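K.L.:
Supplied in structure tokens, the structure appears directly below.
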Amino acid sequence: MISATRVQAASAAVTVLSNRTEVTDWARRYFGPWWAASAVEASSVCAGPVVVATVDPTELAALTLQVHDGRPAEEVEYARHRMLVARDGEDIIAASPDESIAYRYTASTGRLELSGVGVMELALAAARLAREVVRGQLLRDGWAALHASAVVRPEDGATLLSFGGKGAGKTTTALLLASAGWQLLANDRVLVRPTGERDVEVVPWPSAAALGLGLVDSLGWGAAARGHLQEGGAFHPTQHDSVTEALLAGDFTPLWEDGKRRERKVQVFPDQFTPLFGVELATGGRAAGLLFPRVEADGSPDIFDGDQGLGLREDDFMSGATEDRYPDIFELAGGVDGGGRLSARDEVSVRLAKMPHLRVRLSHDVPTSVAALRKAAEAI
């Protein structure tokens, strides 16, 4: 039996179909809190774009053999996995040895097929690619992708975007404001487009939120996270076992890998924020101001006027040249850069540059940091 989940964000849409309900259920759970995702009758799906994920060892073997049959193939890294990519006529075919998944994309029909043996691996891959299909449509339609966190004021949809390099405090800023009554729109990246004469529309980029153990503890969420696991619950399957073990032990000392180059973090599903941590989610908003946080462990939280004419840096837009782990190997964006068309990025930059900018210094003192952010929000 084939099941189907329809996913829609703004003007873009894709349908995920599978011979395993776990795959379509996963897509519905993953996208549902931020994008519109609902079950539909598979028989009603008569046109693309579609992502068809099938548990089928025979098809996996046949398609993998095609990728390795001597035709030119390029090796790329996709979602931290090795991928071999080749062409078969007008189709793009690929194989991921790490995940035991093979792919075929036919651009003329918008049909992206995945074959594999592991249900969870297939569910993860199908959701990733469904998201990429939607992103490709939005980028072609004039949206841009920003490396920023975002929160929305429930009363009027006003949205605060937080910018900064890795470790600057974008996620911390968003979660502190969310704990103070704002709605969480994104913890790491958003999609934006110019609307009207001066506005910038913002929609979320669905993903698991990566939260450091120290941040979970400082927000007062440690007991809820630990209790969730003790009761048999789980977080996103990409979470490292050592993080789960630390949570169960009540140990919130940061865990590192690669010689302290990357922290192992709690991986929170979007739909876990509200029941576990009391954080409400938003599905969209309108940009109203920009925050530039900096975390100083022993500093005194405060706000400072920013440079309103500064605009955005190139690496504030997501692209393969910055931190994008998902290169467009299936050409879903039609050649548009991962951060959006240059014209869209330029217009977004111009409009955001005219909005209030505030630099915020945060510390490990949560109450005083929240007070500083409340002050910043009121100023905007």
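K.L.:
Output the antiparallel fraction of DSSP beta bridges having both residues in the chain, as a percent to the nearest 5. Mind showing how you got there, number by number?
P.N.:
Values: 64 of 86 bridges.
Expressed as a percentage, antiparallel bridges in the chain total about 75.
K.L.:
Based only on Cα atoms, what mean projected area does the convex hull of region 67-175 have, in nm²? Don't skip to the end; give the middle numbers.
P.N.:
Details: hull surface 40.3 nm².
Mean projected area of the Cα convex hull: 10.1 nm².
K.L.:
What FRET efficiency comes out for the pair E41/E197, r = Cβ-Cβ distance, R0 = 51 Å, nearest 0.05?
P.N.:
Working: r = 42 Å, r/R0 = 0.82.
Once rounded, the FRET efficiency stands at 0.75.
K.L.:
Right, another one. Once the piece of chain linking R71 and D141 is laid out straight, how much longer is it, given 0.36 nm per residue of separation minus the C-alpha distance between them? Kindly include the intermediate steps, with their values, before the conclusion.
P.N.:
Working: separation 70, 0.36 × 70 = 25.20 nm, distance 3.40 nm.
Net length gain for the segment: 21.8 nm.
K.L.:
On full extension of the chain, what length is gained from R29 through T109, given 0.36 nm per residue of separation minus the C-alpha to C-alpha distance?
P.N.:
Stretched fully, the R29-T109 segment lengthens by 26.2 nm.
K.L.:
Further question: Once the other residues with Cβ under 11 Å from the Cβ of T15 are scored (Lys, Arg +1; Asp, Glu -1), what is the net sum?
P.N.:
+1
K.L.:
Could you compute Rg(Cα) / (2.2 N^0.38 Å) for the chain, with N its residue count?
P.N.:
After normalising by residue count via 2.2 N^0.38 Å, the value is 1.00.
K.L.:
Something else about it: Could you tally up the Lys pairs in the chain with alpha carbons closer than 27 Å? Skip any pair fewer than 8 positions apart unless they're on separate chains.
P.N.:
9
K.L.:
To continue, here is another question. Under a plain spin-label model, where a point goes 7 Å from the Cα along Cα-to-Cβ, how far apart in nm are E378 and D315?
P.N.:
Calculated label separation equals 3.5 nm.
K.L.:
Same structure again: Quote the convex hull volume per residue of region 3-140, based on C-alpha atoms, as a whole number of Å³. Display every interim value, and only then the final one.
P.N.:
Working: hull volume 15.2 nm³, N = 138.
Roughly 110 Å³ of hull volume per residue.
K.L.:
Note down the relative contact order for the chain as a percent, whole number, built from C-alpha pairs under 8 angstrom at least six residues apart. It would help to have the intermediate numbers written out before the result.
P.N.:
Working: 830 pairs, mean separation 65.2, N = 380.
Computed value for the chain: 17 percent relative contact order.
K.L.:
Could you work out how far helix 366-379 tilts from the main Cα principal axis of the chain, as a 0 to 90 degree angle to the nearest 10?
P.N.:
90 degrees
Here, each number is a calculation from the coordinates, and none is a lab measurement. Predicted, not measured: the structure shown is a model, and the values here were computed from it. Every residue, glycine among them, receives a Cβ derived from its backbone with ideal geometry; neighbour counts consider all protein chains shown.
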